[in-house]
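One structure is given here, and the rest of the page talks about it.
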Amino acid sequence: MIRNVLGPVLALLGAAAAVLSPFRDWYDGRLGRHYGVDDLFTGVTGAHPGVLGSILLPFLFAAVLAVAGVVLRFRPMVAVAGVLVLGFTVLWMVRQGQADGSLTVAGDGSGLQAGVAGAAGGGVLLLLGAALMPGPGRGGRPERRRRREEPYAAPGSAAPDTWPPTREPGPSVQTSPWPEPEVDPYVGPPPDRPGGSGPSGD
């Protein structure tokens, strides 16, 4: 039960972190949405693109993909969203490192900043959410689902493999609680019958 809730929650948190990260500083006080998508493939420049042309666009697409995966309980969609976020973040780090010669982290606000950490963390959360999410129709173990799908026997009826019971060969066994009546071995006429062979009167 906890796993069924934890996976979607982590995925949604990762999608939110990925979308919010371009609105924070990424490097030397420059917002993430000030980097163009084409900068990731051609090299970082000082131009400030529009919102739809910035790095925010692939992150928005990844967030929509993640939300759809959570609603449909389709884990591969959430996993793809996490790979997209992490992939674009790593690609940006490569291009920024090429532009500056190296990437630095400093306490005075220069170098890598919180926006990059938010993007990377969002991608990791998306992957964790995909790993913990239940798949479609995954409500329990296979044997439990099989027992629920099998029809129940009618009340009072026995299982088909145990009824009727097979009779083992051998001597008959008395099943009645009452004793069998005794059988007189004498088969001749009654002693008091005329002409009978009863005891003589001598």
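All of the numbers you see were taken from the coordinates with simple rules; none came from a lab. Keep in mind that what you see is a predicted model, and the values were worked out from it rather than measured. In this analysis, Cβ positions are derived from the backbone assuming ideal geometry, glycine residues included, and neighbour counts consider all displayed protein chains.
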What would the Debye formula give as log10 I(q)/I(0) at q = 0.15, 0.20 Å⁻¹ for the alpha-carbon point model of segment 2-131, no solvent? -0.64, -1.01
Report the label-to-label distance for residue 71 and residue 42 in nanometres (one decimal), using points 7 Å from each Cα along the Cα→Cβ vector. 3.5 nm
Applying 1/(1 + (r/R0)^6) with R0 = 22 Å to the Cβ-Cβ distance of residue 131 and residue 90, what FRET efficiency is obtained, to the nearest 0.05? 0.65
Rounded to the nearest 0.05, what FRET efficiency do residue 51 and residue 102 give with R0 = 35 Å and r taken as the Cβ-Cβ distance? Could you check? 0.75
Dividing the alpha-carbon Rg of segment 1-61 by 2.2 N^0.38 Å yields what? 1.39
FRET efficiency for residue 28 and residue 2, Cβ-Cβ distance as r, R0 = 45 Å, nearest 0.05? 0.60
Tell me which of 83, 57, 120 sits at the most positive position along the dipole axis of segment 2-131, charges placed on C-beta atoms (Lys, Arg +1; Asp, Glu -1). 83
Ranked 54, 21, criterion: other C-beta atoms within 10 Å, fewest first: 54, 21
How big is the charge dipole of segment 2-131 about its Cα centre, in debye rounded to the nearest 20, if each Lys and Arg gets +1 on its Cβ and each Asp and Glu gets -1 on its Cβ? 560 debye
